[in-house]
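Notes follow the structure.
Coordinate-derived values only; no laboratory data. This is a predicted model, so every value here is computed, not measured. Positions of Cβ are backbone-derived with ideal geometry, glycine not excepted, and every protein chain shown enters the neighbour counts.
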Amino acid sequence: MIVSVSEQANTFLIAVLSGIVIGIFYDIFRIIRKIIPHPNWLVQLEDLIYWIIVSAFMFLVLFTNNYGEIRGFALLGAFLGNILYFFTLSIIVMKFSDWIIYWLKKIVTALIKMILIPLKLVLRIFYYPLKWISYPVKRFTHKSRFFFNRVQNKLKRKIRQIFKELYIMCRKV
């Protein structure tokens, strides 16, 4: 089919805009990867999904604007749009997203610390009495040689271990 020069120019500009949209879509993937750490297999799966979506998007763009014909100038336009985006706007978008992620993490960390202050106090209040109570309990269980002795010691160790872990966890935050 014969396509006029104005239609080819229009298709080229739409391909450039499509390349910019593809770049924005990839930046969304990059931002999600910065927020939530991913194992390698999940990154590869995300890349596969990204390329499937991009391929379908480019097919749709070429089908609607170029009658389904794949032409070199359309692919070149998409490539140029992508390069144009990545060397201009992408730098700004990624720096801005890094700044937002940094401050959101600071705010969430501060809120968690504020929420855990009462829990730390409660743990400190109950940790030291349990430590002092354990001596008479230990003496009592040592004298009695029943099955209750082992059960109580195991229970006491578990409770002490849980309180220690909670106390250590709260100190780290």
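Once the Cβ-Cβ distance between Ile100 and Met169 is put in as r, and R0 is 25 Å, what FRET efficiency do you end up with, to the nearest 0.05? Computed FRET efficiency for Ile100 and Met169: 0.35. With both labels modelled 7 Å from their Cα along Cα-to-Cβ, the Trp51 to Phe126 distance reads 5.4 nm.
For a modelled paramagnetic label at Arg71, 7 Å from Cα along Cα-to-Cβ, the residues of the range 2-27 in reach, with backbone nitrogen under 12 Å, are 2-15.
Kirkwood radius, the range 1-73, all distinct C-alpha pairs, inverse of mean reciprocal distance: 13.9 Å. Approximating the spin labels as points 7 Å out from Cα along Cα→Cβ, the Lys156-to-Ser4 distance works out to 9.5 nm. Rounded to the nearest 20 debye, the dipole magnitude of the range 5-87 is 200 debye, with +1 charges on Lys and Arg beta carbons, -1 on Asp and Glu beta carbons, and the Cα centre as origin. Cβ crowding within 10 Å ranks Arg71, Arg150 as Arg150, Arg71, fewest other Cβ atoms first.
The Rg/Rh ratio of the range 43-83, with Rg taken over Cα atoms and Rh as the Kirkwood radius over Cα pairs, comes to 1.05. Farthest towards the positive end of the charge dipole of the range 5-87, among the residues Leu13, Phe87, Ile52, is the Cα of Phe87, using unit charges on the Cβ of Lys, Arg, Asp and Glu.
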